[in-house]
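The values are calculated or read from the model by the stated rules, or taken from the named source; none is laboratory data. The shown structure was predicted, so the numbers you read here are calculated from the model rather than taken from an experiment. Cβ atoms come from the backbone with ideal geometry, glycine included; neighbour counts cover every protein chain shown. In case anyone asks, the SASA skips ligands and DNA or RNA and just uses the protein heavy atoms, side chains included. Shrake-Rupley method; radii C 1.70, N 1.55, O 1.52, S 1.80 Å.
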Amino acid sequence: MRIAVLNKDRCKPDKCSPFGEKPCIKYCPKVRTGEKTIELSPEGTNVVITENLCSGCGICIKKCPFNAIKIVNLPDPLKNQMTYRYGPDQFSLFRMAIPKKGKVLGLIGQNGIGKSTMLNILSGELRINLGRFKDEIPSDDFIINYFKGSELQQYFTELFNKKSRIVYKPQNITLIPKHVSGKVFNLLKKNDVNERLDTIVKQLNLNEILDRSISVLSGGELQRVAIAAAYLKDADVYLIDEPSSYLDISERINMAKLIRSLTDNNKIVVVVEHDLAILDYLSDYVSLLYGIPGAYGIISHPQGVRVGINIYLNGYIKDENVRIRSETIRFHERPPINSSFDSGAIVLSYGDLEKTLGDFHLTVAGSEIHAGEIIGILGANGIGKSTFVDLIANKIKSNNKNQPNTENAKSKKLKVSIKPQYIKIIESKLVSEIINQIRLAPYLSQSYKKRLINGLKLEDIKNRRFSELSGGELQRVTIANCLSTEADIYLLDEPSAFLDVEMRLQVAQLLRKSIEELKKSAFVVEHDIITQDFIADSILVFEGTPGLEGKAFAPLGLRDGFNLFLKLMGITFRRDNLTKRPRVNKIGSTKDAYQKRINEYYYIPK
C-alpha cells in the first residue's frame with residue numbers, strides 16, 4: 001500500500017517555479033510518459049497527486065524546494081484499516097483507540113501523528129470516512145457495522161443517535177479568553193450541573209481567582225479553570241487534551257486525581273498527555289500512536305499502562321512486530337556523582353536577592369553558577385520563579401541593590417538570552433530567518449549549528465510564518481533562537497510546554513550538549529520532573545505561599561534538591577524495574593510510606 005501526502009501549507013507553486021513547469025511535475029517519470037500523476041490544481045494554489053498512478057520513485061520529494069511531499073509505503077493489511085483521511089493526498093489515520101466505560105484511556109505519540117484527530121472523531125467534530133470521499137462517504141449504519149463486536153460499535157451507535165453527552169477540553173487553553181468572557185465564578189457556576197463547585201474549587205485551589213476576569217488569568221490558572229469547567233459538566237464522555245500544560249507538579253497530581261475520579265461514575269475518559277509520570281498516574285490503559293508526523297498515524301492495540309509506556313520508550317511493539325523508533329529512550333537511576341562543572345570558571349555570582357511586587361515578596365539565597373552548569377528551578381506556580389529569572393536577567397532590580405554580576409573578564413555587563421514562558425508572536429516573521437541567523441552566527445561551530453537546526457526540526461517548518469505555527473512548533477523555534485544568541489547565561493522558562501515526549505527528551509539532551517559546548521550556564525524552569533532530571537546538574541528549590549511569599553534556597557545536588565522539593569509537595573517517585581523511568585507513587589501506598597520514612601523521595605538507594 002502506498003500513500004502520497006501533500007502539505008498544502010508548504011506547497012507554493014508560484015514561488016518554486018513562477019515562470020515554468022513545477023519541479024515535482026517536470027521531473028516525475030510517470031508524467032513524462034504521459035500520465036497525469038502530478039498536476040497543478042485548477043486554482044493554481046497547489047499541486048494534486050494522483051496516488052494510484054504514483055510509482056513511489058521519490059524524485060518529487062527530492063525536487064520539491066519546500067519539503068511539501070511525502071511518499072510512504074505501508075503494509076498492505078493497513079489498506080482496510082484506514083479510519084479517517086483529510087483528503088485524497090492528505091494525512092491518514094489508521095485504526096481507532098477503544099474507549100471503555102469506567103476507564104481512563106491514555107494516548108501517547110508525537111505531535112502531528114493523529115491524537116487530536118482521534119479526539120475530534122470521538123467528539124463528533126470529524127466524521128469517520130474510512131478514506132472515502134464525496135459520494136462514497138459511509139453511512140451511520142455502515143460505520144456502526146464496521147466496528148461490530150467491539151466497544152466502538154456501542155460508542156458510535158450512541159454518538160450518531162445523539163444519546164452521548166461529550167465534553168472536550170482543548171489543547172490550546174490560551175485561546176479561551178477569545179471565546180469566553182466574564183468572571184471565573186460565573187463561568188464555573190454556569191457549568192455546575194450537580195452542585196459540585198465548592199468541592200472542585202478546593203481540589204484545584206481556585207478560591208483565590210474566583211472573582212477574577214477570564215481575560216487576566218495566567219496559563220496555569222486558565223488550565224485549572226478549563227479542567228474544572230469540563231469536570232463540572234454532566235457528560236458521558238470526557239476528552240481531555242494535554243491537561244498538565246502550565247501546571248506545577250502538585251497541581252498536576254491534583255488534576256490527575258480529579259480526572260481519575262470521573263471513572264467512579266462509569267464515565268468514559270480519554271486523555272492526551274506528554275508528561276509520562278502523570279499519564280502513568282492517571283491512566284488505566286494506553287494506546288500508542290506511531291508513523292510519520294503530518295503524513296500518517298497508526299494506533300496500536302491497547303496495552304496496560306505500565307507495559308504500554310515501556311513499549312513506547314523501548315521503541316518496539318512486539319505484538320505487531322513494528323519498530324517505531326531506532327533508539328531506546330533510557331533513564332539514569334542515580335544522580336551523577338562527579339560533575340564536569342565543579343572545576344569550571346564561575347560565570348555568574350549573586351548575593352542574597354530580595355524583591356517586592358505588590359503584595360508578593362521574594363527572597364533568594366546568594367550563590368554562583370559555573371561554566372557548563374545547568375541549574376533546574378522547581379517550585380509551585382506563583383511562588384517567584386519567573387521573578388527570579390527577571391532578577392538574573394536584570395530586567396528588574398533587587399530591593400537590597402544586590403545584582404547578579406558576571407565574571408567575564410571581557411565585559412562587566414551580563415549577557416542573557418531568555419526563552420520566556422509566554423511567547424510573543426511576531427506574525428510576519430518567517431522561521432527561515434531564525435535558521436539564517438543560526439547559520440550566520442560567527443560564534444557558533446558548524447556542528448553546533450547543525451545540531452540545533454536538525455535536533456529541533458526547523459527545516460520542516462522553514463517556510464512558515466510564526467503566526468502559522470502550532471504551540472509545539474513555536475516552542476522549538478523560540479528555543480533555537482535562545483540557544484543561538486550569544487550570552488553568558490541562558491534562561492529557559494518551561495521549555496517542554498506543548499512538546500511531545502520524544503521532543504522533550506530531545507530538547508533536554510540538546511540543551512545539555514549546547515551548554516557544555518558553549519561553556520556557558522543556564523537556569524531552566526521546568527515542571528516535568530522527568531525532563532528536569534534529564535536536564536539539570538543542580539536544583540534550585542522555591543517554597544512559600546503562592547501569590548504572597550516566596551523563598552529560594554541555594555542550589556542543591558540532584559538528590560538533595562529533588563528530596564527537598566518533593567518533600568514540600570508530599571509526593572514520592574519509584575523506578576520502573578525495566579526502563580528505570582520515574583513513576584509517581586500513590587499517596588499513602590506502602591512504597592510512598594517507606595520512601596518518606598527513609599527520606600528518599602526520588603533516588604532510591606540500592
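Give the dimensionless ratio obtained when the Cα radius of gyration of the chain is divided by 2.2 N^0.38 Å.
1.02
Roughly how many nanometres apart are two label points built 7 Å out from the Cα toward the Cβ at GLU368 and GLU354?
2.4 nm
Measure out, as a whole number of angstrom, how far apart the alpha-carbon centroids of the stretch 501-571 and the stretch 76-119 sit.
35 Å
For the stretch 558-606, what does the alpha-carbon gyration tensor say about shape, rounded, prolate or oblate, given a ≥ b ≥ c as the root eigenvalues, a/c under 1.5 as rounded, and a/b over b/c as prolate?
oblate
What is the local net charge at PHE331, summed over the other residues whose Cβ is closer than 10 Å to its Cβ (Lys, Arg +1; Asp, Glu -1)?
Overall, the nearby charge balance is +1.
Using the beta-carbon distance between ARG127 and GLU39 and R0 = 30 Å, what value does 1/(1 + (r/R0)^6) give for FRET efficiency, to the nearest 0.05? Display every interim value, and only then the final one.
Working: r = 29 Å, r/R0 = 0.96.
Calculated value: 0.55.
Test of understanding: what is the full-extension gain from ASP211 to VAL307, defined as 0.36 nm times their sequence separation minus their Cα-Cα distance?
30.1 nm
With every protein chain present, what accessible area does HIS179 have (1.4 Å probe, heavy atoms only), rounded to the nearest 10 Å²?
Per-residue accessible area (HIS179): approximately 150 Å².
Among all helices in the chain defined by DSSP H, which have a length of 27 Å or more along the axis from Cα atoms plus a Kyte-Doolittle mean of at least -0.5?
Sorted by number, there is nothing, because no helix extends far enough and scores high enough.
Binned at 5 Å from 0, what are the whole-percent values of the Cα-Cα distance distribution for the stretch 358-507, short to long?
2, 8, 16, 19, 19, 15, 11, 7, 3, 0
Would the stretch 217-346 count as rounded, prolate or oblate if I go by the C-alpha gyration tensor, calling it rounded below 1.5 in a/c and otherwise prolate when a/b exceeds b/c, oblate otherwise? Each step should come with its number before you reach the end.
Details: a/c = 2.13, a/b = 1.20, b/c = 1.78.
Because a/c hits 1.5 or more and a/b fails to exceed b/c, the stretch 217-346 counts as oblate.
With every protein chain left in place, what is the accessible area of SER150 in Å² (1.4 Å probe, nearest 10)?
40 Å²
Shape verdict for the stretch 232-298, please, from the Cα gyration tensor: rounded (a/c under 1.5), prolate (a/b greater than b/c) or oblate.
Oblate is the answer for the stretch 232-298, as a/c is 1.5 or above yet b/c matches or exceeds a/b.
Compute the distance in nm between two label points, each set 7 Å from the Cα along the Cα-to-Cβ direction, one at TYR594 and one at TYR443.
5.0 nm
Using the C-alpha atoms of the stretch 1-59, what convex hull volume per residue, in cubic angstrom, is computed?
87 Å³
Probe 1.4 Å, all protein chains in place: accessible area of LEU357 in Å², nearest 10?
80 Å²
Give the separation of the Cα centroids, the stretch 428-464 to the stretch 282-302, in Å.
First find each Cα centre; the distance between them is then 30 Å.
In what order, largest first, do GLU486, GLU373 sit by accessible area if the probe radius is 1.4 Å?
GLU486, GLU373
Could you check the spin-label model distance between PHE185 and SER470? Points 7 Å from the Cα along Cα→Cβ, value in nm.
The modelled label-to-label distance comes out at 3.9 nm.
If you average over every viewing direction, what projected area does the convex hull of the Cα atoms of the stretch 191-274 give, in nm²?
Answer in nm², one decimal: 5.4.
Using only C-alpha positions, report the orientation-averaged shadow area of the convex hull of the stretch 41-143, nm², one decimal.
Answer in nm², one decimal: 9.2.
What number comes out for accessible area per residue over the chain if the probe is 1.4 Å? Units Å², please.
Heavy-atom accessible area per residue stands at 45 Å².
Distance check, please: which entries in LYS115/LYS586; LYS355/LYS385; LYS15/LYS62 exceed 18 angstrom between their Cα atoms? List each step's numbers first, then the result.
Numbers: LYS115/LYS586 27 Å; LYS355/LYS385 12 Å; LYS15/LYS62 16 Å.
Beyond 18 Å: LYS115/LYS586.
Using a 1.4 angstrom probe on heavy atoms only, work out the carbon and sulfur share of the accessible area of the chain in %.
Percent of accessible area from carbon and sulfur atoms in the chain: 48.
For LYS397 and GLN154, what is the calculated FRET efficiency with R₀ set at 60 Å and r taken between the beta-carbons, to the nearest 0.05?
0.45
Return, in residue-number order, each cysteine of the chain whose C-beta is not under 4.7 Å from any other cysteine's C-beta.
So far as the 4.7 Å Cβ criterion goes, CYS11, CYS16, CYS28, CYS54, CYS57, CYS64, CYS482 stand without a partner in the chain.
Out of all DSSP beta bridges in the chain, what portion is antiparallel? Express it as a percent rounded to 5.
50 percent
Quick one: check the C-alpha center-to-center distance for the stretch 482-500 versus the stretch 176-224, whole angstrom.
Spelled out, the Cα-based centre of one part sits 31 Å from the other.
Just want the answer: with Cβ charges of +1 for Lys and Arg and -1 for Asp and Glu, which residue in LEU430, GLY304, ASN321 is farthest toward the dipole's positive end in the chain?
ASN321
With unit charges on the beta carbons (Lys and Arg positive, Asp and Glu negative) and the dipole taken about the Cα centre of the chain, which residue among ILE461, ILE173, VAL347 sits farthest to the positive side?
ILE461
As a quick test, which of the pairs LYS8/LYS580; LYS415/LYS449; LYS190/LYS596 have an alpha carbon distance above 31 angstrom in this structure? Walk me through the intermediate numbers first.
Numbers: LYS8/LYS580 42 Å; LYS415/LYS449 20 Å; LYS190/LYS596 42 Å.
Table pairs above 31 Å Cα-Cα are LYS8/LYS580; LYS190/LYS596.
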